[in-house]
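*Asks:* Dropping the structure in here first, questions after.
The values are calculated or read from the model by the stated rules, or taken from the named source; none is laboratory data. Because the structure is predicted, anything quoted here is derived from the model rather than measured. Backbone-built Cβ (ideal geometry, glycine too); neighbour counts: all protein chains shown.
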Amino acid sequence: MAQGSSQPARRAGAHRVVVIVDENSNPFELGCATEVFGLRRPEVGRELYDFRLCSPEPSVVMRDGFFTLTGVTGLEAADAADTLIVPNRPDVAVPRRPAVLDAVRRAHARGARLLGFCSGAFTLAEAGVLDGRRAAVHWQWADSFRARFPAVRLEPDVLFVDDGDVLTAAGSAAALDLGLHVVRRDHGAEVANSVSRRLVFAAHRDGGQRQFVERPVPDLPDESLAPVLAWAQERLDAPLTVADLAARAAVSPATLHRRFRRQLGTTPLAWLTGERLTLACRLIEQGESRFAVVARLSGLGTAANLRALMRRGTGITPSAYRRRFGPGTG
């Protein structure tokens, strides 16, 4: 499978995302990166990223010899990356080649953002850029990772970890969660929602959600949370409480809490707050400049509460969010 040796010239001002592909890399995570960062987005009205692949060799055999990429640009492309996605591999005991680790270290030293999907956390840790920092890894490899890299602050039961300029996703599907999180961080909630709709994927799963959620066959056919979630999403501006959600689902608050934990890996209150925060971000992006109105329409109550939750959820204040993602800033 040929990537093609001629790549388009870099668009002026575009944020460049570069993926290092190494021997035995997983095709799924490469596909996730391509889907999120590599496709043109005419529905958004602008190109979001300049996307490249690179490799230590011009020909790369993917996992288990499924197919081969040819005509791949050399590792020098990593030196121009604003965001560098590091390679993963199913055999985490095999170390990465020194040239790849050196490319990761150079990118980190000059301030590039680093992303590791699934076992990509092992690549980041081998390069030494995770020492003393938080990271996520697939639950299957948590013990092995902790034993090999004790200096890393592993969070073994979350979907992904955003530690500023180094971000890690726990498993294959969590790569999509982390990718959409990065799009949301770079371009706002409205653009991230547009990308997720095209992917037909959940617009927002918080990184702190559990990786592995037991989903036993329910005793009753009506235990799905979908109806109550849809009902609540249409009423986020109302003073909804967990008790209201439980009443709508015709269960006790304790039962609702157990179902949220079992089916979504989070609590009803955390889900409700996350949905309201996403709505608040979208209102700001659409031009609502009165933060008291944003807080009221999103169900967050007061402008002070909006400020506190936005700082916790996005890392910036509502005013900074408006400057970054408001009308006319795309």
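*Asks:* Quick one: is Leu269 surrounded by 15 or more Cβ atoms within 10 Å (Cβ to Cβ) and of a type outside the set (D, E, K, R)?
*Replies:* It is false that Leu269 is surrounded by 15 or more Cβ atoms within 10 Å (Cβ to Cβ) and of a type outside the set (D, E, K, R).
*Asks:* Follow-up question, since we're still on this one. Using the structure shown, decide if Ala246 is more than 21 Å from the chain's Cα centre (by Cα), hydrophobic (A, V, I, L, M, F, W, C), assigned to a helix (DSSP H, G or I) and at pLDDT 90 or above.
*Replies:* Taking the combined requirement at face value, the residue satisfies it.
*Asks:* Of (1) at pLDDT 85 or above; (2) within 27 Å of Ala170 (Cβ to Cβ), Asp64 satisfies all except one. Which?
*Replies:* For Asp64, the exception is condition (1).
*Asks:* Restricting to region 12-51, give me the number of residues that are under 23 Å from Ala112 (Cβ atoms), of a type outside the set (Asp, Glu) and within 19 Å of the chain's Cα centre (by Cα).
*Replies:* 20
*Asks:* Also: Keeping to region 67-84, report how many residues are closer than 20 Å to Val166 by Cα and part of a loop (DSSP other than H, G, I, E, B).
*Replies:* Number satisfying all stated conditions: 2.
*Asks:* Quick one: which residue in Phe122, Phe145 is touching a helix residue (DSSP H, G or I) at 6+ places or on another chain (Cβ under 9 Å), over 19 Å from Ala33 (Cβ atoms) and assigned to a helix (DSSP H, G or I)?
*Replies:* One residue alone meets the criteria, Phe145.
Residue-wise test of (1) outside the structural domain of Val183 (by TED's automatic domain parsing); (2) within 20 Å of Asp82 (Cα to Cα); (3) within 17 Å of the chain's Cα centre (by Cα); (4) surrounded by 19 or more Cβ atoms within 10 Å (Cβ to Cβ).
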{"residue": "Ala107", "(1), (2), (3), (4)": "no, yes, no, yes"}
{"residue": "Leu114", "(1), (2), (3), (4)": "no, yes, yes, yes"}
{"residue": "Cys118", "(1), (2), (3), (4)": "no, no, yes, yes"}
{"residue": "Phe122", "(1), (2), (3), (4)": "no, no, no, yes"}
{"residue": "Leu130", "(1), (2), (3), (4)": "no, yes, no, yes"}
{"residue": "Arg134", "(1), (2), (3), (4)": "no, no, yes, no"}
{"residue": "Asp143", "(1), (2), (3), (4)": "no, no, no, no"}
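*Asks:* Scan region 28-84 for residues that are touching a Pro at 6+ places or on another chain (Cβ under 9 Å) and among the small types (Gly, Ala, Ser) and report the count.
*Replies:* 3
*Asks:* What pairs come up if the first residue lies in region 36-50 and is over 15 Å from His181 (Cα atoms), the second is among the aromatic types (Phe, Trp, Tyr), and their beta carbons are under 6 Å apart, counting only those six or more places apart or on different chains?
*Replies:* Gly38/Phe51
*Asks:* Within region 14-53, restricting attention to residues that are among the polar types (S, T, N, Q) and surrounded by fewer than 22 Cβ atoms within 10 Å (Cβ to Cβ), which residue is nearest to Asp82 (Cα to Cα)?
*Replies:* Thr34
*Asks:* Same structure again: For region 167-192, give me the residue count where each residue is surrounded by fewer than 21 Cβ atoms within 10 Å (Cβ to Cβ) and farther than 22 Å from Gln263 by Cα.
*Replies:* The number of residues fulfilling the criteria is 3.
*Asks:* For region 289-301, enumerate the residues that are modelled with pLDDT of 90 or more and surrounded by fewer than 19 Cβ atoms within 10 Å (Cβ to Cβ).
*Replies:* Correct list: Arg290, Ala292, Val293, Arg296, Leu297, Gly301.
*Asks:* Another question, then. At pLDDT 85 or above, under 30 Å from Leu39 (Cα atoms) and in contact with a Gly (Cβ under 9 Å, 6 or more places away or on another chain): does that describe Arg185?
*Replies:* yes
*Asks:* Is it the case that some residue within region 85-100 is farther than 23 Å from Ala170 by Cα and not in a strand (DSSP E or B)?
*Replies:* yes
*Asks:* Exactly one condition in (1) over 19 Å from Val191 (Cα atoms); (2) touching a residue at least 24 places away in the same chain (Cβ under 8 Å); (3) over 21 Å from the mean Cα position of the chain (by Cα); (4) not in a loop (DSSP other than H, G, I, E, B) is false for Asn305; which is it?
*Replies:* Among (1) over 19 Å from Val191 (Cα atoms); (2) touching a residue at least 24 places away in the same chain (Cβ under 8 Å); (3) over 21 Å from the mean Cα position of the chain (by Cα); (4) not in a loop (DSSP other than H, G, I, E, B), Asn305 violates only (2).
*Asks:* Is it the case that some residue within region 136-155 is of a type in the set (D, E, K, R) and closer than 30 Å to Arg322 by Cβ?
*Replies:* Looking for residues that are of a type in the set (D, E, K, R) and closer than 30 Å to Arg322 by Cβ, one finds none in region 136-155, hence no.
*Asks:* Return the residue satisfying two criteria in turn: it lies in region 150-166 and is of a type outside the set (Phe, Trp, Tyr) and not in a loop (DSSP other than H, G, I, E, B), and of such residues it is surrounded by the most Cβ atoms within 10 Å (Cβ to Cβ).
*Replies:* Among residues in region 150-166 that are of a type outside the set (Phe, Trp, Tyr) and not in a loop (DSSP other than H, G, I, E, B), the one surrounded by the most Cβ atoms within 10 Å (Cβ to Cβ) is Val161.
*Asks:* Touching a Ser or Thr at 6+ places or on another chain (Cβ under 9 Å), surrounded by fewer than 18 Cβ atoms within 10 Å (Cβ to Cβ) and either at pLDDT below 80 or not hydroxyl-bearing (Ser, Thr, Tyr) (or both): does that describe Gly208?
*Replies:* Yes: the conditions hold for Gly208.
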